[in-house]
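The values are calculated or read from the model by the stated rules, or taken from the named source; none is laboratory data. What you see is a predicted model, and the numbers here were worked out from it, not measured in a lab. Using ideal geometry, Cβ is built from the backbone for each residue, glycine included, and neighbour counts are taken over all protein chains shown.
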């Protein structure tokens, strides 16, 4: 898998990166999320499994032992996302959980300490995405939050190089996506906004900044159009393609 591809996690049926209310777990299609050397699997029954490299606890089983076969992380999950060495999980009650590498604060628990088991980060969550070393969250109220590595301005500011707690980026959003070092969100106005740049790239004004593109033809809830627009902006192939 090309790691800097677009991280907007979805399935061939219902996109479980978005909280689906009381949808029975049996109706949620299984999905996969890949870190650099680890893999997450969300099964139809809501159980979350992980395998691969575990040096930072990114498998979430409480150990630092690599696992060739999937091990159970937890239950009642409806969405997953994976950074380079960290993992995110969204539960059906709207709570966000994170585990693994935390050297840049990408877990969002206020520390820079790695976690070998899931720790709760937030409530009222609707969608999640993970960059290489940062995390992105959309809440039900339309507010957008980001934390972790900020070397390319992907958290929406250039004040701090890293942020260990979720930082608000604005409100009125309805879709999110990430690449390794970029955050992207679709506003209700139809504006697609990108924060951050790829390493070695400069923004339009020659600095680490924000790029805004108006997409008036993106209809409300049309995630396929959003993915296509974000792909053009990021010049990256989507990791998971929504059905046409």
Does segment 177-195 include one or more residues that are within 25 Å of residue 107 (Cα to Cα), at pLDDT below 75 and in contact with a strand residue (DSSP E or B) (Cβ under 6 Å, 6 or more places away or on another chain)? no
Restricting attention to segment 105-124, the residues that are in a loop (DSSP other than H, G, I, E, B) and surrounded by fewer than 23 Cβ atoms within 10 Å (Cβ to Cβ) number exactly 8
Would you pick out the residues in segment 85-104 that are closer than 16 Å to residue 57 by Cβ and not in a strand (DSSP E or B)? 85, 101, 102, 103, 104
If I filter segment 125-141 for residues that are on the phi > 0 side of the Ramachandran plot and either surrounded by 14 or more Cβ atoms within 10 Å (Cβ to Cβ) or in contact with a helix residue (DSSP H, G or I) (Cβ under 9 Å, 6 or more places away or on another chain) (or both), do I get at least one hit? no
When residue 153 is evaluated against the numbered criteria (1) within 17 Å of the chain's Cα centre (by Cα); (2) modelled with pLDDT of 95 or more; (3) surrounded by fewer than 24 Cβ atoms within 10 Å (Cβ to Cβ), which criterion, by number, is the only one it fails? (2)
Suppose the filter is modelled with pLDDT under 95 and under 24 Å from residue 164 (Cα atoms); does residue 3 pass it? yes
Is at least one residue of segment 161-174 under 26 Å from residue 47 (Cα atoms) and free of Cβ contacts under 8 Å to residues at least 40 places away in the same chain? no
Residue list for segment 140-156, filter: farther than 16 Å from residue 177 by Cβ and not in a loop (DSSP other than H, G, I, E, B): 147, 149
Unmet requirement for residue 137, which otherwise passes all of (1) touching a residue at least 12 places away in the same chain (Cβ under 8 Å); (2) under 22 Å from residue 66 (Cβ atoms): (2)
